[in-house]
Amino acid sequence: MGVTCVCPVPVAEGKSVQQTVDILHKKLEQLGAVKQGSFCVDCETYQSTGNPGGQPSKLLYVMHNSEVPLSCMALFEGGPCLTADANFDVLMVKLKSHFQNAKGHKVECRGSRYRYCDFLIKVGTVTMSSSARGISVEVEYCPCVVPGDCWNLMREFMQSFLGNNVPELPTVFAAKPEGLFAPADCVDTMTQYLELFNKLRKLQIPASNVR
Amino acid sequence: MEAPPVTVMPITSGTINMMEYLLQGSVLDAALESLLHRLRGLCDNMEPETFTDHELVYLLKGQQGNPFILRARRSLSHPTAPWHLRYLGQPEVGDKSRHALVRNCVDVAASHSLPDFLNEMGFRMDHEFVTSGHIFRKGAMKVVVCNVSRVLVPGNTENTERMSLSHLVELSVLAPAGQDTVSEDMRSFAEQLRPLIHLEKIDPSKQRH
């Protein structure tokens, strides 16, 4: 995987989530980006039932990404990440007496996947318990794995369809010494999705945007 | 550089209920060569395969009941290969006439962050050992002949001591639940290894002291 940036896009004023997504699609198509199928990222939340040391239990997130369909990513916020195969989901079922699935916390992000030269762009609608909570944009610059070397280029490209909503350098990269991207796995991308999901979860969404 | 192709595969959610059918036995080191010779003759024609694995057994203790056990294995001969995480259920009591031990089994390939991750989940390492030996296959059947060594200094796999002067022999098959013909095949294969080795159905829960 190349350097990937995931960011939220605010819903345009007076528009619904779907209308804002349509505007983004139109802008990408005008640029010359080609639609190449769809994508899906999902996230389940698990809570530890035992509490051995008396400390508050951390939440365990199990995520999937259609870009790596046979893998399963398990993360603790700010903690270690595990990349495993899809059988990890079966294991979580076995572990249900120790880790409870917080069903209402399931988050999904679905949308279209576009290609523009060396860039992959994914515009997704983030839904929590079947209500649309926000919009995500993921941009990957495929040929490069060093964020510092291509960030300005990515910024400029993102500006062309996001305007003023271009994000800062993602913290996952800023936190790394001389930020080498973790190659060949998508843990950095999933960490960014998780941050975005948690941010959206805390947001109060005006009733008009709920489908 | 071209963007990676569009993925058409749906996100899968793991395999269905898989069972491990197992027969175990042991052979003295002195008889090892004859057993290997017999296995080479009986098993699928393949390059001889050897392995050296480090296994860590993790426990997760809940407020009640038995601890939850997971086994994390890594190859010492292929250090870059993924870790192997395994859950083994309680042996099925069921049918006494069945020839093999049957237990639920979940195999997960995992990244190298596995030990850190298990610790964060609340698992604690209970014991570890190193196994080293040979693998044979015959169709779906897997035969593992290996010696087991204890790790003298925690985490140091260089410093080990053989547990005994014999090799552990395991004949196993992974199959979906209910395929009991598998145990028939295993029995007839085990018959062919007699009298070099007697492979039996051993209930691990009855071995605990």
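Quick notes
- Length-normalised contact order for chain A - Cα pairs under 8 Å, 6+ apart - percent: 28 percent
- The stretch between B:LEU42 and B:LEU152, if pulled fully straight at 0.36 nm per residue, gains 35.9 nm over its current Cα-Cα span.
- Dipole of the protein assembly as shown, positive end: most advanced residue of B:VAL169, A:THR125, A:TYR141 [Cβ charges, Cα centre]: A:THR125
- Accessible surface of the stretch B:17-202 [probe 1.4 Å, protein heavy atoms]: carbon and sulfur percent: 50 percent
- Contact order, relative form, for the stretch B:17-202: 33 percent (alpha carbon pairs under 8 Å, 6 or more residues apart, mean separation divided by residue count).
- Note: relative contact order over the stretch A:1-124, using C-alpha pairs below 8 Å and six or more positions apart, is 29 percent.
- The protein assembly as shown - mean residue ellipticity at 222 nm from DSSP helices (-39,500 (n - 2.57) per run, n ≥ 4, rounded to 500): -6500 deg cm²/dmol
- B versus A: buried accessible surface, summed, Å² (probe 1.4 Å, to nearest 100): 3300 Å²
- Per residue, the stretch A:41-101 exposes an accessible area of 38 Å² to a 1.4 Å probe, with every protein chain left in place.
- Computed from label points 7 Å out along Cα-Cβ, the spacing between A:ILE23 and A:ARG201 is 2.9 nm.
- Among the listed pairs A:LYS15/A:LYS106; A:LYS26/A:LYS122; A:LYS106/B:LYS61, those with a Cα-Cα distance over 18 Å are A:LYS15/A:LYS106; A:LYS106/B:LYS61.
- Alpha carbon centroid spacing (whole Å) that separates the stretch A:37-51 from the stretch A:66-123: 6 Å
- In range of the label at A:VAL93: residues from the stretch B:63-87 whose backbone nitrogen is under 16 Å from the point 7 Å along Cα→Cβ: B:87
- Excluding ligands, DNA and RNA, the accessible surface per residue across the stretch B:17-202 is 52 Å² with a 1.4 Å probe.
- DSSP H segments from chain A that extend 24 Å or more along their own axis, Cα-based, with Kyte-Doolittle mean of -0.5 or above: none
- The charge dipole of chain A, taken about its Cα centre with unit charges on the Cβ of Lys, Arg, Asp and Glu (plus for the first two, minus for the last two), comes to roughly 780 debye.
- Sites A:LEU31 and B:ASP116, calculated FRET efficiency, Cβ-Cβ separation with R0 41 Å, nearest 0.05: 0.45
- FRET efficiency for A:ALA102 and B:SER164, using Cβ-Cβ distance with R0 set to 56 Å, rounded to 0.05: 0.75
- Inter-label distance, A:LYS58 to B:LEU76: 3.0 nm, where each label sits 7 Å from its Cα along the C-beta direction.
- Estimated FRET transfer efficiency (A:GLN159, B:ARG187; beta-carbon r; R0 60 Å; 0.05): 0.30
- Gaussian network model of chain B, springs between alpha carbon atoms under 10 Å - residue of B:PHE129, B:PHE51, B:PHE68 with greatest fluctuation: B:PHE68
The values are calculated or read from the model by the stated rules, or taken from the named source; none is laboratory data. Just so you know, these numbers come straight off a predicted model, no measurement behind them. In this analysis, Cβ positions are derived from the backbone assuming ideal geometry, glycine residues included, and neighbour counts consider all displayed protein chains. Heavy atoms of the whole protein, side chains included, go into the accessibility calculation; ligands, DNA and RNA do not. Shrake-Rupley method; radii C 1.70, N 1.55, O 1.52, S 1.80 Å.
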